[in-house]
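Asker: Handing you this structure, nothing more for now.
Read-outs throughout are calculated quantities, based only on the coordinates presented, and are distinct from any laboratory measurement. Note that the structure is a prediction, hence the values are computed from the model and not measured. Don't worry about glycine lacking a Cβ; one is built from the backbone with ideal geometry, like all the others, and counts go over all protein chains shown.
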Amino acid sequence: MRRALVTGGSRGIGLAIAKKLAHSGFSVVVTYAHDPAGAEAAVHAAQAEGLQLTAVRCDVNSPHDWQALLGRGTPLYEEGVAVLCHAAGFTRDKLLMMMPPAEFDDVLGVHLRGGFLAAQAVMRGMIAGRWGRMVFITSPTAELGRRGQCSYGAAKAGLGGLMRSLVWEVSRFQITVNCVCAGLVDTALTGELPAAVHAELLAGIPQGRAGRPEEIAAAVDFLVSERAGYITGQTLAVDGGLAAVHAEPF
Amino acid sequence: MPNSNLTEDVKKLIITSLKLDKAPADIADDEPLFGGGLGLDSIDALELAVAIERTYRVTIPDEKVGKQVFASVSSLAKYVGENLA
């Protein structure tokens, strides 16, 4: 049974991914940083559905936390993590001119540096096992931009560059690295959008609806499967047509 | 001086972990591992370091040490022998 690690897997898209992977037979560990009670609740709820999740605290932007979780001598190090899905993250939306540098750093830290540290933590096991799947969750903001999201856009776009470079390093070990670009999905991250903004976003989506976390999870589930072994360095958008429409010159 | 068994075992580890089509006898003790006849690159070094860690529980902490340690089979076997728990 292969082990999967889903950062930010205690809620939202991360949780849906964790549950899907557990359903597909992976032994799933989810990380959380801020809400142990929420993580525990998520684990219990999954259990009620017959899905086994283990929740561990890990600030993805902390090398110390990664060392504690996956450093030499830890159980996870010995067993190896075969699948990494980096779904952790938050937004601190502000117009660039008003953005405190520390908040820019925080967003880059959790999404981009966190992704780098996560990849570094699981790499040894994947190389040793000569098999691996890494999926970074990104956003249409990376390529399309969005007012107030220069930090989030930079971080998510950065993950694309990281992914592509990593492909050149790890492919010989049967490790694939891809991004899943999640469009508008109704979770805590987007829950606080004012109704008018939400409506405006929907208007730009051909399907006219937000995606469900399960629909993002389905894409991740496919990419980490055995049969997706020749797919690497790709960004798979699950966005109701959002990016495709914007790419069309008109 | 690392014992000849360890040197032999290290050669076998290099061959199996890097999937080289060679026998231990084909690798000279003092042959450079990298930039030499074996045709290994920096990513092979990575893989070898992982294999050494897993097999002997010996770490190569950084690139600087790595360069010295990976100079040849002899230097690698010596480092492993010195650092075995």
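Asker: With angles folded into 0 to 90 degrees, how steeply does helix A:150-170 sit against the dominant principal axis of chain A? Use alpha carbons for both and round to 10.
Answerer: It is inclined by approximately 40 degrees.
Asker: Please give me the summed charge of the neighbours of A:Ala41: other residues whose Cβ is under 15 Å from its Cβ, Lys and Arg +1, Asp and Glu -1.
Answerer: Values: positive: A:Arg11, A:Lys19, A:Arg57; negative: A:Asp35, A:Glu40, A:Glu49.
Taking every other residue near A:Ala41 into account, the sum is 0.
Asker: If I take every Cα pair under 8 Å that is 6 or more residues apart in chain A, average their sequence separation and divide by the length, what percent do I get for the relative contact order? Show your work: numbers first, answer last.
Answerer: Details: 481 pairs, mean separation 48.2, N = 250.
Answer for chain A is 19 percent.
Asker: Here's another thing I want to ask about it. Under a point spin-label approximation (7 Å from Cα along Cα-to-Cβ), what is the A:Leu96-B:Ala23 distance to one decimal in nm?
Answerer: If labels sit at A:Leu96 and B:Ala23, their model points lie 6.5 nm apart.
Asker: Suppose each label sits 7 Å from its Cα in the direction of the beta carbon; what would the A:Tyr230-A:Arg57 distance come out to in nanometres?
Answerer: Taking the two extended label points, one gets 4.7 nm.
Asker: What angle, in degrees between 0 and 90 and rounded to the nearest 10, separates the Cα long axis of helix A:12-23 from the longest principal axis of the Cα atoms of chain A?
Answerer: On a 0 to 90 degree scale, this one is about 40.
Asker: Helix-only mean residue ellipticity at 222 nm, chain A, DSSP H runs n ≥ 4 weighted -39,500 (n - 2.57), per residue, nearest 500. What is it?
Answerer: Values: 12 runs with 117 residues, N = 250.
Value at 222 nm, helices only, nearest 500: -13500 deg cm²/dmol.
Asker: Could I ask something else about it? Counting other beta carbons within 10 Å of each Cβ, put A:Met163, A:Met97 in order, fewest first.
Answerer: On the way: A:Met163 22, A:Met97 6.
Listing A:Met163, A:Met97 from fewest to most nearby Cβ atoms yields A:Met97, A:Met163.
Asker: How much space per residue, in cubic angstrom, does the convex hull of the C-alpha atoms of the stretch B:4-83 take up?
Answerer: Numbers: hull volume 6.5 nm³, N = 80.
With only Cα atoms used, the stretch B:4-83 gives 81 Å³ per residue.
Asker: Taking every pair of alpha-carbon atoms in the stretch A:145-250, what share in percent sits in each 5 Å bin, from 0 to the bin with the longest distance?
Answerer: With a bin width of 5 Å, the distribution comes to 2, 11, 17, 21, 21, 14, 9, 4, 1, 0.
Asker: Given R₀ = 35 Å, FRET efficiency for B:Ile43-A:Asp186 by Cβ-Cβ distance, to 0.05? Present the calculation step by step, with values, prior to reporting the outcome.
Answerer: On the way: r = 42 Å, r/R0 = 1.19.
The calculated FRET efficiency here is 0.25.
Asker: Counting alpha carbon pairs within less than 8 Å and at least 6 residues apart, what relative contact order, in whole percent, applies to the stretch B:4-83? Write out the running numbers ahead of the final one.
Answerer: Numbers: 70 pairs, mean separation 29.4, N = 80.
Relative CO of the stretch B:4-83 lands at 37 percent.
Asker: If you don't mind, another one. Fewest first, what order do A:Asp106, A:Asp65, B:Asp41 take by the number of other Cβ atoms within 10 Å? List each step's numbers first, then the result.
Answerer: Working: A:Asp106 17, A:Asp65 20, B:Asp41 11.
So the ranking, lowest neighbour count to highest, is B:Asp41, A:Asp106, A:Asp65.
Asker: Please work out how much length the chain gains when fully extended from A:Arg147 to A:Ala37, using 0.36 nm per residue of separation minus the C-alpha to C-alpha distance, in nm with one decimal. Walk me through the intermediate numbers first.
Answerer: Working: separation 110, 0.36 × 110 = 39.60 nm, distance 3.32 nm.
Once the chain is fully extended between A:Arg147 and A:Ala37, it gains 36.3 nm.
Asker: How would you rank A:224-231, A:56-63, highest first, on the average number of other Cβ atoms within 10 Å across their residues? Intermediate values should be presented prior to the final figure.
Answerer: Values: A:224-231: 13.2, A:56-63: 19.1.
Final packing ranking: A:56-63, A:224-231.
Asker: With the crude spin-label approximation of a point 7 Å out along Cα→Cβ, what separation in nm comes out for B:Lys67 versus B:Glu31?
Answerer: 2.4
Asker: Mind checking which lysines have their C-alpha under 27 Å from B:Lys78, skipping anything on the same chain fewer than 8 residues away?
Answerer: B:Lys11, B:Lys12, B:Lys19, B:Lys22, B:Lys64, B:Lys67
Asker: Let me ask you something else. Just to confirm a number: summing +1 for Lys and Arg and -1 for Asp and Glu over residues other than B:Lys19 whose beta-carbon lies under 15 angstrom from that of B:Lys19, what do you get? Don't skip to the answer; put the middle values down first.
Answerer: Details: positive: A:Arg130, A:Arg172, B:Lys11, B:Lys12, B:Lys22; negative: B:Asp21, B:Asp26, B:Asp41, B:Asp44, B:Glu47.
Neighbourhood net charge equals 0.
Asker: Mind checking the full-extension length gain between A:Ala244 and A:Val197? Use 0.36 nm per residue of separation minus the Cα-Cα distance, one decimal, nm.
Answerer: Details: separation 47, 0.36 × 47 = 16.92 nm, distance 2.05 nm.
The span from A:Ala244 to A:Val197 would gain 14.9 nm if fully extended.
Asker: Please report the net charge: other residues with Cβ closer than 13 Å to the Cβ of B:Tyr56, K and R +1, D and E -1.
Answerer: On the way: positive: A:Arg72, B:Lys12, B:Arg54, B:Arg57, B:Lys78; negative: B:Asp9, B:Glu53, B:Glu82.
Combined, the nearby Lys, Arg, Asp and Glu give +2.
Asker: Taking all pairs of distinct Cα atoms, average 1/r, flip it, and tell me the Kirkwood hydrodynamic radius of the protein assembly as shown in Å to one decimal place. Numbers along the way, then the final one.
Answerer: Working: mean 1/r = 0.0464 Å⁻¹.
With all distinct Cα pairs of the protein assembly as shown included, I get 21.5 Å.
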